[in-house]
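**Student:** Would you mind keeping the following structure in view while I ask a few things?
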Amino acid sequence: MTSPVLTAAETRAAEQALFDAGITPVDLMERAGAGAAEAIVARFPAQEVLVACGPGNNGGDGYVVARHLAERGWPVRVAALAEPATDQARAMRAQWAGPVEAMPAVVPPLVVDALFGIGARALDPALARWLDTVPAVIAIDQPSGIDTDTGAARGRAAAAALTVALGALKPVHAIMPGAGLCGPVAHVPIGLPLSERAMLARIAPPALRAPDATSNKYTRGKVVVVAGAMQGAAFLAAEAAQRSGAGYVELVGDDVPFGAPFALVRRAWDASVLEDKRIGAVVIGPGLDASDTSRVRLEAALAIACPVVLDAGALTQLASDKDALASRLRGDDREKVRLLTPHAGEFERLFGPVGGDPLAAVRAAAAKTGALVLLKGATSILAAPDGRALVGPIASPWLSTAGTGDVLAGVCGTMLAQAAWHGFDPLEAVGAAIWLHARAAELAGPALIADDLLWSLKRAVAKA
Ligand SMILES: NC(=O)C1=CN([C@@H]2O[C@H](COP(=O)(O)OP(=O)(O)OC[C@H]3O[C@@H](n4cnc5c(N)ncnc54)[C@H](O)[C@@H]3O)[C@@H](O)[C@H]2O)[C@@H](O)CC1
Ligand SMILES: Nc1ncnc2c1ncn2[C@@H]1O[C@H](COP(=O)(O)OP(=O)(O)O)[C@@H](O)[C@H]1O
Ligand SMILES: [K+]
């Protein structure tokens, strides 16, 4: 249900494992370049192309791509930024039979960017300007100049028409803004050993278990959503918990109005509502204000043993005593599952600015609090206290509308309540919720409102 994502250093270590096993750097580069050319011809009609090669192994891949495209009848020009600086790149340069020109001032319509890969520093401004004027770019391994491990982009740049990820996905392919600049990503396996236990992985469709003859409403997960002053938000979370498959959802608050969905159980708040041993998860925060009443409810929720999703107003309350976060969230009980779901503003209030390396920021927040931390945004990043992290798909920008986070909180509640039943650990369960939410947004299409996600969640579950 996930694809491993390797940092530049992990990629180099994986390459080294192949070299240690007897594969030569030249063989590996041939494999990478041939695979990249294959991915290109599968997606583009034959046309004039300029392959721009840098001095390192990314440039070496470029010479291989050029040779393979030419063998397939493409009119190929090759330009070099500098002479190859590694043995394998030199060997590939020697195998390119055509001319090698200096970087042309006038750019052709299609350029293969084999300038820099995982070894890149910030681009020289003139080179960045040159790349930015190319109408269509196919990036080898990654667009040149974007930070491989953070996804931090150099200033103005257009998205590539295709990025061919060699051997492994890297953070640049998964985390915004870099992921957006990669355009469509084709993963070309080159035999790198990819651990199933990678510290970072991209969320793939989860394998959800369907109810069977032995199921009843409680085995399918009881989720309690604690309402506050703004009840709409809590309703969205509660119905999202229902629509993502929970068997029993209860909305507790004051004067919760009656109406659709009629399957939603409403109860007046009283601390005893959280004592039911059948509760699988509690969601608190959507619509929660800063009143004393809300504080009492938050404390009651934090006292229970089962997983608690803390969103919106609950995060604002927690931010008022940042130093006590870890002890308030888990106390002495390391087993307690607590999920914080901040957007960037809430994250900043709790932990300081996200900064240029969101993955590192989220990991640090999880380590500090002992909680799962999900930073929501165009790509959502989830980290566990032990450093494992998941990154979600690039989600529909139409999600940037009020209430969609409340829906996600409800889905998280259901997936955490059902985690053991699906065979997920808590990190995987929240990963499944992120995937379902993104898929629901895709199904809901343009101009969605949060309510639309409730219906499309049902279809997302069916597709998982
Ligand atoms: N080792 C191998 O045989 C394989 C390498 N692969 C390719 O190799 C790439 C990594 O190769 P390298 O480690 O050589 O790194 P790069 O090719 O990314 O670049 C490294 C070289 O460029 C210079 N450089 C970096 N940024 C620069 C800048 N902004 N301006 C000027 N010079 C700059 C560096 O000093 C170094 O000489 C991967 O991204 C991938 O494309 C893959 O083909 C897999 C196989
Ligand atoms: N530009 C965007 N592209 C994709 N997803 C987005 C974008 N902006 C927000 N989202 C998603 O929409 C949801 C918004 O949540 P949140 O900010 O908590 O809103 P609310 O509090 O109104 O419910 C999150 O799941 C977030 O990942
Ligand atoms: K590149």
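**Student:** Based on this model, can you work out whether Ala395 counts as in a loop (DSSP other than H, G, I, E, B), over 19 Å from Ala238 (Cα atoms) and either touching a residue at least 40 places away in the same chain (Cβ under 8 Å) or in contact with a helix residue (DSSP H, G or I) (Cβ under 6 Å, 6 or more places away or on another chain) (or both)?
**Tutor:** yes
**Student:** Moving on. Those residues that are assigned to a helix (DSSP H, G or I), among the hydrophobic types (A, V, I, L, M, F, W, C) and surrounded by 15 or more Cβ atoms within 10 Å (Cβ to Cβ), I need them from the range 326-360; list them, please.
**Tutor:** Hits for the range 326-360 are Ala326, Leu329, Phe347, Leu350, Phe351, Leu359, Ala360.
**Student:** Would you pick out the residues in the range 132-163 that are in contact with an Asp or Glu (Cβ under 9 Å, 6 or more places away or on another chain), among the aliphatic types (A, V, I, L, M) and without any contact (Cβ under 8 Å) to a residue 40 or more places away in the chain?
**Tutor:** Residues satisfying the conditions are Val134, Val137, Ala153, Ala157, Ala158.
Residue-wise test of (1) farther than 18 Å from Met29 by Cβ; (2) in contact with a Phe, Trp or Tyr (Cβ under 8 Å, 6 or more places away or on another chain); (3) outside the structural domain of Arg31 (by TED's automatic domain parsing); (4) of a type in the set (Phe, Trp, Tyr).
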site	(1), (2), (3), (4)
Tyr63	no, yes, no, yes
Glu83	no, no, no, no
Thr86	no, no, no, no
Pro99	yes, no, no, no
Pro108	yes, no, no, no
Asp113	no, no, no, no
Ile118	no, no, no, no
Asp124	yes, no, no, no
Arg129	yes, no, no, no
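**Student:** Right, next: Against the conditions (1) in a loop (DSSP other than H, G, I, E, B); (2) outside the structural domain of Arg363 (by TED's automatic domain parsing); (3) not aliphatic (A, V, I, L, M), where does Gly228 fall short? Just the number, please.
**Tutor:** (2)
**Student:** Being in contact with a helix residue (DSSP H, G or I) (Cβ under 9 Å, 6 or more places away or on another chain), surrounded by fewer than 20 Cβ atoms within 10 Å (Cβ to Cβ) and either free of Cβ contacts under 8 Å to residues at least 12 places away in the same chain or under 26 Å from Gly403 (Cα atoms) (or both): is that true of Lys322 here?
**Tutor:** yes
**Student:** Has the range 358-366 got at least one residue that is farther than 29 Å from Asp147 by Cβ, touching a Gly at 6+ places or on another chain (Cβ under 9 Å) and more than 16 Å from ligand 3 (Cβ to nearest atom)?
**Tutor:** no
**Student:** Do any residues in the range 183-207 that are at pLDDT below 95 have Cβ atoms under 6 Å from those of residues that are loosely packed, with under 15 Cβ neighbours inside 10 Å and not in a loop (DSSP other than H, G, I, E, B), where the two are at least six apart or on different chains, and which pairs are they?
**Tutor:** That search, which allows pairs on different chains as well, returns Pro193/Ala17.
**Student:** Could you go through the range 448-457 and let me know if any residue there is within 13 Å of the chain's Cα centre (by Cα) and away from ligand 1 (no atom under 16 Å from the Cβ).
**Tutor:** Within the range 448-457, none of the residues are within 13 Å of the chain's Cα centre (by Cα) and away from ligand 1 (no atom under 16 Å from the Cβ).
**Student:** What about Arg363, is it of a type outside the set (Asp, Glu), more than 9 Å from ligand 2 (Cβ to nearest atom), surrounded by 16 or more Cβ atoms within 10 Å (Cβ to Cβ) and part of a helix (DSSP H, G or I)?
**Tutor:** For Arg363, the condition - of a type outside the set (Asp, Glu), more than 9 Å from ligand 2 (Cβ to nearest atom), surrounded by 16 or more Cβ atoms within 10 Å (Cβ to Cβ) and part of a helix (DSSP H, G or I) - is met.
Residues are listed down the side, and each one gets a yes or a no for (1) surrounded by 22 or more Cβ atoms within 10 Å (Cβ to Cβ); (2) part of a loop (DSSP other than H, G, I, E, B); (3) over 25 Å from the mean Cα position of the chain (by Cα):
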site: Tyr218; (1), (2), (3): no, yes, yes
site: Ala238; (1), (2), (3): yes, no, no
site: Ala241; (1), (2), (3): yes, no, no
site: Leu251; (1), (2), (3): yes, no, yes
site: Leu274; (1), (2), (3): no, no, yes
site: Leu288; (1), (2), (3): yes, yes, yes
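**Student:** Looking at the range 25-38 only, could you name the residues that are in contact (Cβ under 8 Å) with a residue 24 or more places away in the chain and either more than 16 Å from ligand 3 (Cβ to nearest atom) or closer than 30 Å to Leu208 by Cβ (or both)?
**Tutor:** Across the range 25-38, the qualifying residues are Pro25, Val26, Leu28, Glu30, Arg31, Ala34, Glu38.
The values are calculated or read from the model by the stated rules, or taken from the named source; none is laboratory data. Just so it is clear, the structure is predicted and the values come from calculations on it, not from any experiment. Reconstructed Cβ throughout: ideal geometry from the backbone, glycine too, with neighbour counts over all protein chains shown.
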